[in-house]
1. Using only Cα atoms, tell me the angle between helix 99-109 and the longest principal axis of the chain; keep it within 0 to 90° and round to the nearest 10.
2. When a/c is below 1.5 the answer is rounded, else prolate if a/b is larger than b/c, else oblate, so apply that to the stretch 81-172 with a ≥ b ≥ c taken from the square roots of the Cα gyration tensor eigenvalues.
3. Multiply the residue gap between residue 56 and residue 39 by 0.36 nm, knock off their C-alpha separation, and tell me the result in nm, one decimal place.
4. Give, as ranges by residue number, the residues of the stretch 30-64 whose backbone N falls under 11 Å from the point 7 Å along Cα→Cβ of residue 6.
5. If you average the sequence gap of Cα pairs under 8 Å that are 6 or more apart and divide by the length of the stretch 81-172, what percent do you get for the contact order?
6. Expressed as an acute angle from 0 to 90° and rounded to the nearest 10, what is the orientation of the C-alpha long axis of helix 43-70 relative to the principal long axis of the chain?
7. Only one of the listed values, (i) 35; (ii) 53; (iii) 43, was derived from the coordinates as percent of Cα pairs over 24 Å apart; which label is it?
8. Report the relative contact order of the chain, percent, no decimals, based on alpha-carbon pairs under 8 angstrom and at least 6 residues apart.
């Protein structure tokens, strides 16, 4: 529903609701009006913003939980999690239920172009998949390490993604 709403007013006029900053979405969901103001946020925009705001809040809570779990907090997840850590020009943490799920997500995130090259920077970027136990203990079980990182740090070979016949590093390296 929210993808169909394009704002026709304000500083984000012409933008789809999904492309405006989260704080603005939150304001659209619960607008406050100044005295003597004649403008009212249209009801369809407020309704769509309410849905999107709820989704944003769920994502924010999930991100907070993933950071806490990654940093060793216990009691967040009762099963083994696989957390992808992105470093370099990319950043962020995402949690997955299995190593396979984490690798599929990375494969989708860093697609293959028409020349068979994966779209990731081999200079600065690093991807680590951590196996995180409910006890808070963790270890790297898969990695992609660009040129500025120590590829031998974890005692693992550069990782491959599903469907690839070479490690991600080789799939991404262009000469």
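1. Orientation of helix 99-109: about 60 degrees from the principal axis.
2. Prolate shape, in that a/c is at least 1.5 and a/b is the bigger ratio.
3. 3.6 nm
4. No residue qualifies, since no backbone N sits under 11 Å from the label point.
5. 26
6. Approximately 30 degrees, to the nearest 10.
7. Label of the calculated value: (ii).
8. That works out to 15 percent.
Read-outs throughout are calculated quantities, based only on the coordinates presented, and are distinct from any laboratory measurement. These figures come from a predicted structure and were not determined experimentally. Glycine also receives a Cβ, built like all others from the backbone with ideal geometry; neighbour counts cover every protein chain displayed.
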